[in-house]
1. Inside region 197-208, can you point out the residues that are over 20 Å from the mean Cα position of the chain (by Cα) and within 15 Å of Phe101 (Cβ to Cβ)?
2. With respect to Leu192, is the statement that it is aliphatic (A, V, I, L, M) and under 12 Å from the mean Cα position of the chain (by Cα) true?
3. In the list Ile195, Ile122, Ile136, which residue meets the criterion of being of a type outside the set (S, T, N, Q) and in contact with a Gly (Cβ under 9 Å, 6 or more places away or on another chain)?
4. Among the residues in region 133-143, are any outside any strand (DSSP E or B) and either of a type in the set (Phe, Trp, Tyr) or at pLDDT below 95 (or both)?
5. I'm trying to understand the selection: among the residues of region 200-214, which are open to solvent by 80 Å² or more (accessible area, probe 1.4 Å) and either modelled with pLDDT of 90 or more or polar (S, T, N, Q) (or both)?
6. Out of region 7-38, which residues are in contact with a strand residue (DSSP E or B) (Cβ under 9 Å, 6 or more places away or on another chain) and assigned to a helix (DSSP H, G or I)?
7. In the set Tyr157, Tyr175, Tyr123, which member is touching a residue at least 60 places away in the same chain (Cβ under 8 Å), over 18 Å from Lys82 (Cβ atoms) and surrounded by 13 or more Cβ atoms within 10 Å (Cβ to Cβ)?
8. For region 159-180, how many residues meet the condition of being under 30 Å from Phe2 (Cα atoms) and among the aromatic types (Phe, Trp, Tyr)?
Amino acid sequence: GFLWDWIRVRSSHSAYFHWPYFTAGLICLLASGLGLGLAARAISTKRLCFIASVASLFLGLASGVILPDVGPRVDMAGANQKILGHADHSLSDWDEANGQFPSSEEELRKALAVRPLQEPAIYFRQDKPIPYDVQIVTNATGPFTGQTPPNPGTVVYAVSSNYKDYWLTMTTLRYPLGGAVTWEHVAGDFELEPIWVMHRKHHNAGEGYQPFVE
């Protein structure tokens, strides 16, 4: 499955999550091949029959539990939440420096210019990185979950009318390779879990800091 995904990465025009499909597929192939070789050895000779059988069983189990998309899907969810955490941290720093959260797209891009907008891309199309992007929604009373932006890796910043509260959401891919663009969900579970939202309020002097997702 991983090797087939690697071929699709090379031949598809769709967006994909950057992940070592070829390396993982090759390791699984070698592990399963070694297991088959040990099993054949056990069948062809009685010497070391028990040891070869046990070793082949464990190698088969080790390679058999690695299902396509499980590794990339988990890593993709973790990478998305890290990006959201970095954006949250940068916006908190802006609040500390300016007394409120960004009130315009220009301020928003300044606040996020280094982290996360200049961080290494995690989404690609035909081996070309898809840069992170941001969108602003003003006069918000909650997270924006309307029309999905066209590219994965877009952080949507919904800010209240007084610029004292904001909610962050982010786009991802429904599947790590060639999936439709959708909103990042908690734990990357698009069926059961709600959309992942980062909510932060203005920090007043003397109040404790909210934790960050890193």
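1. First, pick out the residues of region 197-208 that are over 20 Å from the mean Cα position of the chain (by Cα): 200-208.
The answer is Arg200, Lys201, His202, His203, Asn204.
2. Working: aliphatic (A, V, I, L, M): yes; under 12 Å from the mean Cα position of the chain (by Cα): no.
No; evaluated as a whole, the condition is false for this residue.
3. Details: Ile195 fails: in contact with a Gly (Cβ under 9 Å, 6 or more places away or on another chain); Ile136 fails: in contact with a Gly (Cβ under 9 Å, 6 or more places away or on another chain).
Answer to the selection: Ile122.
4. Let us first name the residues in region 133-143 that are outside any strand (DSSP E or B), namely 138-143.
This time we only want the ones that are either of a type in the set (Phe, Trp, Tyr) or at pLDDT below 95 (or both), so: none.
There is no residue in region 133-143 that is outside any strand (DSSP E or B) and either of a type in the set (Phe, Trp, Tyr) or at pLDDT below 95 (or both).
5. Step one: list which residues in region 200-214 are open to solvent by 80 Å² or more (accessible area, probe 1.4 Å), which gives 201, 205-207, 209, 211, 214.
Lys201, the sole residue that qualifies.
6. Start the filter on region 7-38 by keeping residues that are in contact with a strand residue (DSSP E or B) (Cβ under 9 Å, 6 or more places away or on another chain), which leaves 8-9, 12-19, 21.
Hits for region 7-38 are Arg8, Val9, Tyr21.
7. Values: Tyr157 fails: over 18 Å from Lys82 (Cβ atoms); Tyr123 fails: over 18 Å from Lys82 (Cβ atoms).
Sole residue among the options that is touching a residue at least 60 places away in the same chain (Cβ under 8 Å), over 18 Å from Lys82 (Cβ atoms) and surrounded by 13 or more Cβ atoms within 10 Å (Cβ to Cβ): Tyr175.
8. First, the residues of region 159-180 that are under 30 Å from Phe2 (Cα atoms): 169-180.
When the remaining residues are screened for being among the aromatic types (Phe, Trp, Tyr), the result is 175.
Residues that pass the stated criteria total 1.
The values are calculated or read from the model by the stated rules, or taken from the named source; none is laboratory data. Keep in mind it's a predicted model, so treat the numbers as computed, not measured. Glycine also receives a Cβ, built like all others from the backbone with ideal geometry; neighbour counts cover every protein chain displayed. Just the protein is used for accessible areas: all its heavy atoms, side chains included, with ligands, DNA and RNA removed. Shrake-Rupley method; radii C 1.70, N 1.55, O 1.52, S 1.80 Å.
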